[in-house]
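A short worksheet on the structure shown next.
The values are calculated or read from the model by the stated rules, or taken from the named source; none is laboratory data. In this text the structure is predicted, and so the values were computed from the model without any measurement. Positions of Cβ are backbone-derived with ideal geometry, glycine not excepted, and every protein chain shown enters the neighbour counts.
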């Protein structure tokens, strides 16, 4: 089941994000349609996304540090949001998935 989380923005606005509902034992039961019940995030949207920035920066740095660095580096990964945890790299089972594309161009 999905639910809404309200993230404050640093400029004072808000953004609503639909997240997967995770059952919390002993926590309050949510009632009503997901669009009617929104949980407030404990941090700003920018702070939540900032948690994945070090991973993205490090992946790019490692790939650009190859002995023959590519002209283009593209890294694709899923991001999940949680009201309490913020943003994190989405995984399937116990593994994180990254799609990496590197491009080299030959000088003719």
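Among the residues of the stretch 58-81, the ones that are touching a helix residue (DSSP H, G or I) at 6+ places or on another chain (Cβ under 6 Å) and more than 30 Å from residue 18 (Cβ to Cβ) come to 1 in all.
Restricting the stretch 90-108 to residues that are at pLDDT 80 or above and part of a loop (DSSP other than H, G, I, E, B) leaves a set whose member that is surrounded by the fewest Cβ atoms within 10 Å (Cβ to Cβ) is 106. As a summary of the residue check, residue 10 satisfies the conditions (1) modelled with pLDDT under 85; (2) in a loop (DSSP other than H, G, I, E, B); (3) under 18 Å from the mean Cα position of the chain (by Cα) except for the one numbered (1).
The residue that is farthest from the chain's Cα centre (by Cα), counting only those in the stretch 71-89 that are surrounded by fewer than 15 Cβ atoms within 10 Å (Cβ to Cβ) and more than 21 Å from residue 14 (Cβ to Cβ), is 71.
Residues in the stretch 13-47 that are over 12 Å from residue 1 (Cβ atoms), part of a loop (DSSP other than H, G, I, E, B) and at pLDDT 60 or above: 13, 41, 42, 43, 44.
When residue 81 is tested against (1) under 21 Å from residue 2 (Cα atoms); (2) in a loop (DSSP other than H, G, I, E, B), just one condition goes unmet, and that condition is (2).
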